[in-house]
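Step one of this worksheet: look at the structure below.
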């Protein structure tokens, strides 16, 4: 039995990047032999075991043969005669198809080290085309390593385009699409993930609501970048710089979806895009397992981001309406996410990335003034049926006073 360190730990060590976990590949063993040594089997599709002391994952070397469309359509061979080279051949990218033996010697049959040095994401073999999840993974790795100047090899991009044309991407299950997209949203250079999916044609299949934004014009006076899709990428850049919250970043991605379905005759204006966008967000969240917290913030940002941009012009009654609709009094933390998302939208415009956004602080002040109203005192001095109206009146007056003094 031989044990090899494989995958991301080998890649990241060669890149000088910190890695948080290690994966191991076992050659020349059977499941019964590992179980006899105290390993605990956890894999369902193929034998994966947890080390009895470290808890790290050890997988038997395996080969795969395509038998049906989609992610699960494979026949797997985990017999003891599968070599480490056989196992590495089935992996997605050359930089992930390296191993180290027990003595620390690099096993690199597919030139992963060369591609690390050349900063290339290149598929190991044509078997790449058998698994559509690999398109998502390439997009994710392109984003993760964008700061290291990695690019996708032209032949790999061509293969990804061919996979999209052949309908392989259609077989991706929603859970996996969201899992990889969520990882990208939590990571760095989110725009690269979107750009790669669009370049190979997968964005139109997986996130058609986002893909529809590219090429849609906006008024140049407000959007010097003009193209709505480019604007969304710029908003993602700002959201990434301003917040680590998945909810804020998802709201940045989806805040303008309604512009993708604006009637042609109304362009480049987009009247009513806020409400149209809410429907598309609900459709997207029904199709993919988007967390409720992300969906709900995205809906609020889509519907009320233009209110936030015009905050300094709004009447106290309208400001109170925004605070109530965003549930700011009961959920101040989410209201703060709303404000950050709107600020990212305002800054995600050509040449305006460093603009001031006093609207956010103005609404924070209005919220603080209204929240300071003594609801208990109002309840004690009013009849039960009059309490809601009395509380709203007091909050509106507090906001009006704040506006006069601001």
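Below, the figures for the structure above:
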| item | result |
| --- | --- |
| In the stretch 344-358, the residues that are in contact with a helix residue (DSSP H, G or I) (Cβ under 8 Å, 6 or more places away or on another chain), closer than 17 Å to residue 223 by Cβ and surrounded by fewer than 24 Cβ atoms within 10 Å (Cβ to Cβ) | 346, 347, 349, 350, 352, 353, 354, 355, 357 |
| Output for the stretch 187-198, where each listed residue is part of a helix (DSSP H, G or I) and either closer than 16 Å to residue 128 by Cα or touching a helix residue (DSSP H, G or I) at 6+ places or on another chain (Cβ under 6 Å) (or both) | 190, 191, 192, 193, 196, 197 |
| Residue tally, condition touching a helix residue (DSSP H, G or I) at 6+ places or on another chain (Cβ under 7 Å) and either more than 16 Å from residue 255 (Cα to Cα) or not in a loop (DSSP other than H, G, I, E, B) (or both), over the stretch 199-214 | 11 |
| Unmet criterion (only one of (1) on the phi < 0 side of the Ramachandran plot; (2) in contact (Cβ under 8 Å) with a residue 12 or more places away in the chain) for residue 272 | (1) |
| The stretch 121-151, subset more than 18 Å from residue 8 (Cβ to Cβ) and either touching a residue at least 60 places away in the same chain (Cβ under 8 Å) or crowded, with 18+ Cβ neighbours inside 10 Å (or both), residue farthest from the chain's Cα centre (by Cα) | 127 |
| Some residue of the stretch 33-50 being at pLDDT below 90, farther than 27 Å from residue 163 by Cβ, surrounded by fewer than 14 Cβ atoms within 10 Å (Cβ to Cβ) and within 30 Å of the chain's Cα centre (by Cα) | yes |
| Tally, over the stretch 3-29, of residues that are farther than 13 Å from residue 59 by Cβ and surrounded by 13 or more Cβ atoms within 10 Å (Cβ to Cβ) | 10 |
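The values are calculated or read from the model by the stated rules, or taken from the named source; none is laboratory data. As the structure is a computational prediction, the values presented were derived from the model and not from experiment. Glycine gets a Cβ as well: all are built from the backbone with ideal geometry, and neighbour counts include every protein chain shown.
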